[in-house]
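One structure is given here, and the rest of the page talks about it.
The values are calculated or read from the model by the stated rules, or taken from the named source; none is laboratory data. Predicted, not measured: the structure shown is a model, and the values here were computed from it. Glycine also receives a Cβ, built like all others from the backbone with ideal geometry; neighbour counts cover every protein chain displayed. With ligands, DNA and RNA removed, areas are computed over all heavy atoms of the protein, side chains included. Shrake-Rupley method; radii C 1.70, N 1.55, O 1.52, S 1.80 Å.
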Amino acid sequence: MVITYEQQAECDGARAGILRTPHGTFKTPMFMPVGTQATVKTLTPEELYDMGAQVILSNTYHLFLRPGHDLVQEAGGLHKFMNWKQAILTDSGGFQVFSLGQMRKITEEGVLDGSKKFLSPEVSMDIQMALDSDIAMAFDECIPYPSDYEYTQMSTERTSRWAARCLDHHHSDTQGLFGIVQGGMYKDLRKQSCQDLVAMDFDGYGIGGLSVGESKDIMYDILEHTTPYLPKDKARYLMGVGNPTTLVRGVGVGIDMFDCVLPTRTGRMGTAFSSEGRLNFRNARFAHDDGPIDPTCTCPVCTGGYSRALIRHMVTQKEMLGGILLSMHNIYYLLNLMQRARQAIIEGRYGAFVSDWMNSPAAVDY
């Protein structure tokens, strides 16, 4: 196997482990910054590496459209193209197809988007093998919320058939392949999806179709129901989730990997994660504040002499540096949060860690 996972410690449902890839061995739980189009918005690879980023996510569908997977392959693969020397995970394109809404046409063979581009399990595998990421994701259908049982069952069964086609077509000695669990908000379909995919013996498992409009309570309930059906010797990846509290609670039910555009998107909009909760730097209360974004944070921004007053000035004047600094802080915040969670698991105090978090000002939605 190209990708392996080893569990090192377990505490209160959470686990700490090691993920081995062709581009290094990394510690879990982890947050993966999103570099959708071969770049994490506003940040350089060197900055991400220095902050402790381990694995970066890029998107198959977007790179398929621009600049084209053939061009990336010609450049020596995605690592060389984007100048990132550690591991890369590529999404299958399934979520991007979901986001097209009525512009897509789904058949058993695959999906036709609004620009007449065709994606199928085989096409997705060909693109991801050309990109040569460390971890490829099987092509799936992300089920809209809400969806009735009949449609959800039909879609989930099709995702299992597509997963089998991905396995049949995938042939790379340098790339692992993860399956993606679907099933909507129906527990029996989630169980069936897990059983289908585990029987195929993927290198790891993504959990998709969550954080698509359902309430947080529903999401946590489905997530808690799903993870027990996944093997302990394979990595578990909750797709598209980046709210700090969701990460803390996701780790608590055995999730190892997360990704989301939230830290850079909110940063570019002038918002910071912090131990005090959500900070909106358009707010006038920061105009005379000489303190750092978060006095408890050790990121390069908070320790580098950038004041709240300066950040607010840059945000209100739409200076690029404001969004850059907030994005850097937000990504570091999530990377550091996962490092702290890992340490709590190893020390056998994750339950207390979650309790302290949920009772702190930091436990807010963004």
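The set of residues from the stretch 261-276 being within 16 Å of Ala362 (Cα to Cα) and hydroxyl-bearing (Ser, Thr, Tyr) comprises Thr266, Thr271, Ser274, Ser275. Determine whether Gly17 is modelled with pLDDT of 95 or more, closer than 21 Å to Lys232 by Cβ and either of a type outside the set (D, E, K, R) or open to solvent by less than 10 Å² (accessible area, probe 1.4 Å) (or both). It is true that Gly17 is modelled with pLDDT of 95 or more, closer than 21 Å to Lys232 by Cβ and either of a type outside the set (D, E, K, R) or open to solvent by less than 10 Å² (accessible area, probe 1.4 Å) (or both). Which of the residues spanning the stretch 279-292 are exposed (fewer than 15 other Cβ atoms within 10 Å of the Cβ) and within 13 Å of Tyr366 (Cβ to Cβ)? Asn280, the sole residue that qualifies. The residues listed here are Met32, Met51; of these, the one that is touching a Leu at 6+ places or on another chain (Cβ under 7 Å), surrounded by fewer than 21 Cβ atoms within 10 Å (Cβ to Cβ) and touching a residue at least 60 places away in the same chain (Cβ under 8 Å) is Met51.
Consider the stretch 223-257. How many of its residues are basic (Lys, Arg), crowded, with 24+ Cβ neighbours inside 10 Å and under 13 Å from Leu337 (Cβ atoms)? First the steps, then the outcome.
As a first pass, look at the stretch 223-257 and keep what is basic (Lys, Arg): 232, 234, 236, 249.
Narrowing further to those that are crowded, with 24+ Cβ neighbours inside 10 Å: 236.
Okay, now just the ones that are also under 13 Å from Leu337 (Cβ atoms), so none.
Of the residues in the stretch 223-257, 0 are basic (Lys, Arg), crowded, with 24+ Cβ neighbours inside 10 Å and under 13 Å from Leu337 (Cβ atoms).
Checking the stated criteria, Ile88 turns out to be closer than 30 Å to Ser155 by Cβ, in contact with a helix residue (DSSP H, G or I) (Cβ under 6 Å, 6 or more places away or on another chain) and touching a residue at least 60 places away in the same chain (Cβ under 8 Å). Of the strands (runs of 3 or more DSSP E) lying entirely inside the stretch 1-87, the ones with 3 or more residues being closer than 24 Å to Met200 by Cβ are found at 4-11, 14-21, 55-59. Name the single residue, out of those in the stretch 348-361 being open to solvent by 60 Å² or more (accessible area, probe 1.4 Å) and in contact (Cβ under 8 Å) with a residue 40 or more places away in the chain, that is nearest to Glu10 (Cα to Cα). Among them, the one singled out is Arg349. Every condition in (1) within 28 Å of Arg340 (Cα to Cα); (2) crowded, with 21+ Cβ neighbours inside 10 Å is met by Gly93 except one, and the failing one is (1).
No other residue among Asp221, Asp188, Asp203 is over 20 Å from the mean Cα position of the chain (by Cα), modelled with pLDDT of 95 or more and acidic (Asp, Glu) apart from Asp188.
Select, from Gln128, Gln182, the only residue that is in contact (Cβ under 8 Å) with a residue 60 or more places away in the chain and crowded, with 22+ Cβ neighbours inside 10 Å. Full working, then the answer.
Working: Gln182 fails: in contact (Cβ under 8 Å) with a residue 60 or more places away in the chain.
One residue alone meets the criteria, Gln128.
From the set of residues in the stretch 293-330 that are of a type in the set (Lys, Arg) and assigned to a helix (DSSP H, G or I), which is most open to solvent (accessible area, probe 1.4 Å)? Per the stated criteria, the residue is Arg312. Scanning the stretch 324-347 for residues that are free of Cβ contacts under 8 Å to residues at least 24 places away in the same chain and either in contact with a Cys (Cβ under 7 Å, 6 or more places away or on another chain) or basic (Lys, Arg) (or both) gives a single hit, Arg340.
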